[in-house]
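J.: Take a look at the following structure, please.
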Amino acid sequence: MTAALSIQNLQKTYEGGFQALKGISFEVQPGDFFALLGPNGAGKSTTIGIICSLVRKSAGSISIFGVDIDSDFPAAKRLLGVVPQEFNFSQFEKVFDIVATQGGFYGMPRKLAEERTEKYLKQLGLWDKRATQARMLSGGMKRRLMIARALIHEPKLLILDEPTAGVDIELRRSMWAFLEQINAQGTTIILTTHYLEEAESLCRNIAIIDKGTIVENTSIKSLLKTLNRETFILDCSEYLEKAPGLSGFECHLLDSHSLEITVEKGQSLTEVFIELKAQGVTVTSMRNRANRLEELFISMLSEEKMEGVDE
Amino acid sequence: MSSRLTWISFSTIFRREVRRFMRIWPQTLVPPVITMSLYFVIFGSLIGSRIGDMGGYPYMEFVVPGLIMMSVITNSYANVVSSFYSAKFQRSIEELLVSPTPNWAVMAGYVLGGVARGLIVGLIVTLVAMFFTSLSVEHVGVTIAIVFLTAVLFSLAGFINAIYANSFDAISIIPTFVLTPLTYLGGVFYSIELLSPFWQGLSKLNPILYMVNSFRYGILGVSDINVAWAFIGVLVFIALLASWGLYLMSHGKRLRH
């Protein structure tokens with residue numbers, strides 16, 4: 001099957017010598033919901049910039065659904081929609097005009113562009129704001145405007161560079177639902193995000209990029225299986241003066257009603273509950289201290305740093 | 001991209017450009033008309049009546065073609081340089097750069113937007129001028145052709161200025177320090193026959209002199225220069241600037257990293 005996106009040995013060295021990408025390679029399959037993660041400055045936005053032609057690559061190749069960007073970039077662009085990290089529309093144009101005009105740039109007749117604009121503005125909850133100048137929109141609305149604009153030509157591959165940055169949780173969840181819906185309809189989605197909960201909830205496969213190299217490229221499920229330990233917060237109904245002793249588990253008292261317990265791979269949480277019950281402690285609720293992917297992400301990048309120190 | 005799709009892209013850019021300058025008409029259409037009206041009143045009616053004839057015509061009739069051309073030049077240039085640089089500044093130019101629109105269609109859309117503003121302002125100024133003097137056109141073809149080509153040339157120049165510009169100051173340097181002096185010294189207000197041979201020779205190095213005089217020839221039938229050479233010169237400049245603009249676009253100069 002032809003990959004939705006194939007990147008081979010992609011390199012980018014900026015003027016001044018900074019090497020942002022050191023020969024990365026990965027593929028995204030059609031229909032996938034793919035996460036591209038990495039710390040700030042890792043090379044995510046450079047990669048996206050090269051895919052959509054805003055950044056020139058130094059070496060390597062990219063093809064979108066089999067269309068090589070070097071041999072037929074216009075055809076590749078027709079298959080691609082991009083939602084950038086920064087707002088990049090005219091602040092003085094009206095919402096409707098921004099989206100419909102983008103359709104024109106893709107060669108869509110005005111009538112079709114207007115129909116699609118109405119469709120996506122309604123789906124993204126912006127129809128009431130269609131006659132408003134873009135500068136008057138809230139941050140969340142501006143992000144949704146950029147999603148509507150990226151979808152106007154109904155691309156097969158949609159790349160979103162931190163689409164929910166600065167968006168409140170309610171709106172973020174409605175955007176997740178929308179993205180899941182268009183993914184279910186067949187659009188391949190690549191997402192970069194700093195909210196690892198977002199990547200874990202939405203994405204099936206992942207690539208982690210750090211200092212211009214891919215440090216992990218696998219399915220989220222496989223990645224989570226490599227998690228050796230998880231830390232949980234347990235809320236208890238009794239007043240606790242000190243952490244109860246739990247054989248084989250790390251247990252710390254967070255406050256008079258909360259415990260932090262670390263569970264190694266292979267250990268059972270049931271044992272924790274049995275021992276706590278035996279000591280007269282009732283657990284009323286439980287949650288992960290951090291998102292599981294976040295724990296992995298931090299540990300992976302910490303390992304990288306340590307390796308760097310060793311060298 | 002097929003020619004039909006490219007045509008839609010191009011016409012979308014052109015329509016957006018027209019919509020932009022029409023939306024902000026108090027900034028784009030009114031000021032040049034007020035400025036030119038003041039020129040007509042002061043240089044044409046008040047001072048002009050004391051100057052007498054120029055090039056065989058009353059001063060008011062002589063100065064009108066130059067002032068129309070001046071408004072076309074400055075507005076064509078200003079429209080493209082401010083619109084394209086604003087798009088760069090707000091990064092909305094990325095909407096076009098990520099689309100399959102070919103570079104030449106992007107440039108042509110912006111340039112024709114500038115031409116449209118230049119010609120609309122020129123037309124309004126012409127209508128205002130008719131309150132001060134009677135206007136007849138001696139050579140319709142020459143008049144239309146030279147005003148259109150001049151608008152194209154200065155729109156292209158504005159486009160290139162906008163590509164190089166990295167601040168709002170950079171888009172006002174050329175109009176202030178190059179365009180305005182060349183326009184004022186380009187035979188708008190006087191015939192170069194009044195100048196000494198040295199200054200006449202120097203004036204003939206000014207490309208705006210040829211455009212202003214060709215336009216004056218179209219309207220009044222008199223010119224200080226050879227109109228045929230003026231057309232050739234304008235066409236050569238257009239070809240050079242268009243090639244330069246396309247080169248910058250294809251290399252992503254100050255547009256892509």
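The values are calculated or read from the model by the stated rules, or taken from the named source; none is laboratory data. Computed from a predicted model, the values in this text were never measured in an experiment. Cβ atoms come from the backbone with ideal geometry, glycine included; neighbour counts cover every protein chain shown. Note: areas computed on protein heavy atoms with side chains; ligands, DNA, RNA excluded. Shrake-Rupley method; radii C 1.70, N 1.55, O 1.52, S 1.80 Å.
J.: Helix-derived [θ] at 222 nm for chain B: sum -39500 (n - 2.57) over DSSP H runs of at least 4, divide by residue count, nearest 500? Write down the numbers at each step before the final one.
T.: Working: 13 runs with 182 residues, N = 257.
Helix contribution divided over all residues of chain B: -23000 deg cm²/dmol.
J.: Next question. At a probe size of 1.4 Å, how large is the accessible area of B:D169, to the nearest 10 Å²?
T.: The accessible area of B:D169 comes to roughly 110 Å².
J.: Can you give me the solvent accessible area of B:D224 with a 1.4 Å probe, rounded to the nearest 10 Å²?
T.: Near enough 40 Å² of accessible area.
J.: Quantify how much of the Cα-Cα distance distribution of region A:33-116 extends past 15 Å, in percent.
T.: Value for region A:33-116: 68 percent of Cα pairs lie more than 15 Å apart.
J.: Using +1 at the C-beta of Lys and Arg and -1 at the C-beta of Asp and Glu, which of B:L67, A:T193, A:G103 has the Cα lying farthest in the positive direction of the dipole of the protein assembly as shown?
T.: B:L67
J.: Let me ask another. Any idea of A:T282's accessible area? Nearest 10 Å², probe 1.4 Å.
T.: Estimated to the nearest 10 Å², A:T282 gives 70 Å².
J.: Protein chains only, probe 1.4 Å: how do A:T218, A:T262 rank by accessible area, largest first? If you can, show how the numbers build up before the last one.
T.: Working: A:T218 35, A:T262 10 Å².
Sorted by accessible area, descending: A:T218, A:T262.
J.: Compute the distance in nm between two label points, each set 7 Å from the Cα along the Cα-to-Cβ direction, one at A:D255 and one at B:R4.
T.: 6.7 nm
J.: Where does each of B:I208, B:I51 land when they are ordered by accessible area, with a 1.4 Å probe and the largest first?
T.: Details: B:I208 0, B:I51 75 Å².
Reading off the accessible areas and sorting them downward yields B:I51, B:I208.
J.: Please compute the alpha carbon radius of gyration of region B:88-225, then divide it by the globular-protein estimate 2.2 N^0.38 Å. Two decimals is fine.
T.: The value comes to 1.24.
J.: Can you give the Rg/Rh ratio of region A:229-293, where Rg is from the C-alpha atoms and Rh is the Kirkwood radius? Could you put the intermediate results ahead of the total?
T.: Values: Rg = 11.0 Å, Rh = 11.8 Å.
Here the Rg-to-Rh quotient is 0.93.
J.: Further question on the same structure: Going by accessible area, probe 1.4 Å, with all protein chains left in place, what is the ranking of A:H194, B:H257, A:H153, largest first?
T.: B:H257, A:H194, A:H153
J.: Moving to a separate point now. Report, in deg cm²/dmol and to the nearest 500, the calculated mean residue ellipticity at 222 nm for chain A, where each DSSP H run with n ≥ 4 adds -39500 (n - 2.57) and the sum is divided by the residue count.
T.: So the helix-based figure for chain A works out to -10500 deg cm²/dmol.
J.: Where in chain B are the helices, taken as whole DSSP H runs, whose Cα atoms extend 27 angstrom or more along the long axis and whose Kyte-Doolittle mean reaches at least 0.5? If you can, show how the numbers build up before the last one.
T.: On the way: long enough: B:3-23 (29 Å, -0.38); B:59-89 (44 Å, 0.85); B:103-129 (39 Å, 1.69); B:140-164 (37 Å, 2.16); B:227-250 (34 Å, 2.07).
Helix filter hits for chain B: B:59-89, B:103-129, B:140-164, B:227-250.
J.: Okay, next question. Taking Cα atoms, how many degrees apart are the long axis of helix A:269-278 and the longest axis of chain A, rounded to 10 and kept between 0 and 90?
T.: Once rounded, the angle reads 40 degrees.
J.: How large is Rg/Rh for chain B, to two decimals, with Cα atoms and a Kirkwood Rh? Write out the running numbers ahead of the final one.
T.: Details: Rg = 18.8 Å, Rh = 18.9 Å.
Ratio of gyration radius to Kirkwood radius for chain B: 0.99.
J.: On C-alpha positions alone, give me the angle between the axis of helix A:139-151 and the longest principal axis of chain A, in degrees, nearest 10.
T.: 50 degrees
J.: Then there is this: I'd like the orientation of helix A:169-184 relative to chain A: the angle between its Cα long axis and the longest Cα principal axis, in ° from 0 to 90, rounded to 10.
T.: 60 degrees
J.: From the convex hull of the Cα coordinates of region B:1-96, what is the mean projected area in square nanometres?
T.: Over every viewing direction, the Cα hull of region B:1-96 projects on average to 8.7 nm².
J.: With charges only on Cβ, +1 for K and R and -1 for D and E, what is the dipole size of the protein assembly as shown about its Cα centre, in debye, rounded to 20? Let's see the in-between values first.
T.: Values: 50 positive and 50 negative charges, 410 e Å.
The dipole of the protein assembly as shown has a size of about 1980 debye.
J.: I've got another one for you. Pairs of Cα atoms under 8 Å, at least six residues apart: use those to get the relative contact order of chain A, whole percent.
T.: Details: 549 pairs, mean separation 57.8, N = 311.
Once divided by the residue count of chain A, the mean separation gives 19 percent.
J.: Ok, one more. Along each of the three principal axes of the Cα atoms of region A:96-163, give the extent in whole Å, ordering the values from largest to smallest.
T.: That gives 29, 26, 18 Å along the principal axes, largest extent first.
J.: Still on this structure, please answer the following. Relative contact order (percent) for region B:88-213, with alpha-carbon contacts under 8 angstrom and 6 or more residues of separation? Let's see the in-between values first.
T.: Details: 54 pairs, mean separation 27.8, N = 126.
Contact order relative to length: 22 percent.
J.: Within 12 Å, Cβ to Cβ, of B:G186, how many net charges do the neighbouring residues add up to if Lys/Arg are +1 and Asp/Glu are -1? Don't skip to the answer; put the middle values down first.
T.: Working: positive: B:K204, B:R216; negative: B:D224.
Combined, the nearby Lys, Arg, Asp and Glu give +1.
J.: Against the 2.2 N^0.38 Å scaling, with N counting residues, where does the protein assembly as shown land? I'd like the Cα-based Rg ratio to two decimal places. Provide the component values of the computation, followed by the final result.
T.: On the way: Rg = 32.1 Å, N = 568, 2.2 N^0.38 = 24.5 Å.
Dividing the Cα Rg of the protein assembly as shown by 2.2 N^0.38 Å gives 1.31.
J.: For a quick size check, give me the Cα extents of chain A along its three principal axes, largest first, whole Å.
T.: 73, 51, 39
J.: Could you tell me whether region A:159-284 comes out rounded, prolate or oblate from its Cα gyration tensor? Rule is a ≥ b ≥ c as square roots of the eigenvalues, rounded for a/c under 1.5, then prolate if a/b exceeds b/c, otherwise oblate. Walk me through the intermediate numbers first.
T.: Numbers: a/c = 2.80, a/b = 2.03, b/c = 1.38.
Because a/c hits 1.5 or more and a/b exceeds b/c, region A:159-284 counts as prolate.
J.: Suppose every Lys and Arg Cβ carries +1 and every Asp and Glu Cβ carries -1, with no other charges. What dipole size does region B:3-250 come out with about its Cα centre, to the nearest 20 debye?
T.: Numbers: 12 positive and 9 negative charges, 140 e Å.
It works out to roughly 680 debye.
J.: Hey, what did region B:10-127 get for relative contact order, percent, Cα under 8 Å, at least 6 apart? Walk me through the intermediate numbers first.
T.: Values: 104 pairs, mean separation 50.6, N = 118.
Relative CO of region B:10-127 lands at 43 percent.
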